[in-house]
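The values are calculated or read from the model by the stated rules, or taken from the named source; none is laboratory data. What you are looking at is a predicted structure, and each value in this text was computed from that prediction instead of being measured. Quick reminder, even Gly has a Cβ in these numbers, built from the backbone with ideal geometry, and neighbours come from all protein chains shown. Please note that ligands, DNA and RNA were not included when accessible areas were found on the heavy atoms of the full protein model with its side chains. Shrake-Rupley method; radii C 1.70, N 1.55, O 1.52, S 1.80 Å.
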Amino acid sequence: MRRVCFASLVAALLCLGAAARADEARNIVIGGAVEHPLTLTPAQLRALPPVEVSVTQQTDHGPVEGKFRGALLWTLIGRAGLADGPGKNAYLRHSILVTSGRDGYAASLGEGEIDPKLEGKQVILAYEKDGAPLADMRLVVPGDAHASRGVQDVATIEVQ
Ligand SMILES: Nc1nc2c(c(=O)[nH]1)N[C@H]1C(S)=C(S)[C@@H](COP(=O)(O)O)O[C@H]1N2
Ligand SMILES: [Mo]
C-alpha cells in the first residue's frame, strides 16, 4: 500500500513538472528593422487571432503531417511595425530571420512571401499540433515541400 502511495506521489510530481515546463515556452523577441521592438509571452501569442494550417512536408525521417494552429507571422511583424524607408516600396527589401533559442538553427522569409498584398502565405508561429499543445513555438511554412524552414523552439524574429 505504502509503495503504491509513493508511486502515485512520484507520478503526481512528474505531472506537475511537465505542466510547469509546458508553461515555460520561451518569450518571442521581435526586433531589427521595426518601429517598436517587442517581446511576446506565450500567453500573448495565444491571445492573437488563431490561424490553422495543414501541412505534409518531407523530413530526413519521412513525411511529417499535421494541422498546426498559431499566430500569423505577418500579424507579429505588424505588432512591431515594419520599418519603411526612403525609396520606392522600400519595405519590399526586408527579409525576416527566424532563429531557434535551442540550437541557433535559423531560416529566413522574404517580406513579399507573407505580405497579404503579395503572396500572403499563411506562415504561422505554431503553439499547437493536431489539437495538442507543442512544447515550444514552431515556424510552419505552408507550401514548402520540405520541413527545413520549420524552425523549432523559436526565440527571435529579426527583420533585416
Ligand atoms: N531548432 C531547430 N529546428 C529545426 C531543425 C533543427 O535542427 N533545429 N531542423 C529542421 C529540419 S532540417 C527539419 S526536416 C524539421 C523536422 O525536423 P525533425 O527531424 O525534428 O522532425 O525541423 C526543422 N527545424
Ligand atoms: Mo531536415
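Brief remarks follow.
- Condition met for residue 115 (over 22 Å from residue 41 (Cβ atoms) and open to solvent by 20 Å² or more (accessible area, probe 1.4 Å)): no
- Every pair of residues 6+ apart whose Cβ atoms lie under 6 Å, when the first sits in the range 120-144 and is within 16 Å of ligand 2 (Cβ to nearest atom) while the second is open to solvent by 40 Å² or more (accessible area, probe 1.4 Å) and not in a strand (DSSP E or B): 141/149
- Every residue from the range 27-71 that is within 16 Å of ligand 2 (Cβ to nearest atom), open to solvent by less than 80 Å² (accessible area, probe 1.4 Å) and under 14 Å from residue 140 (Cβ atoms): 55, 57, 59, 64, 66
- Boolean, residue 103 is within 16 Å of ligand 2 (Cβ to nearest atom), open to solvent by 50 Å² or more (accessible area, probe 1.4 Å) and either farther than 21 Å from residue 56 by Cβ or of a type in the set (Phe, Trp, Tyr) (or both): yes
- Evaluation of residue 155 against (1) in contact with a Lys or Arg (Cβ under 9 Å, 6 or more places away or on another chain); (2) of a type in the set (A, V, I, L, M, F, W, C); (3) crowded, with 20+ Cβ neighbours inside 10 Å (one fails), failing number: (3)
- Within the range 106-141, being more than 13 Å from the chain's Cα centre (by Cα), of a type outside the set (Lys, Arg) and part of a loop (DSSP other than H, G, I, E, B) holds for 115, 116, 118, 119, 120, 130, 131.
- Looking across the range 145-156, not a single residue is assigned to a loop (DSSP other than H, G, I, E, B), within 10 Å of ligand 1 (Cβ to nearest atom) and over 11 Å from the mean Cα position of the chain (by Cα).
- Restricted to the range 68-95, and to residues there that are part of a strand (DSSP E or B) and within 16 Å of ligand 1 (Cβ to nearest atom), the residue that is farthest from residue 148 (Cα to Cα) is 70.
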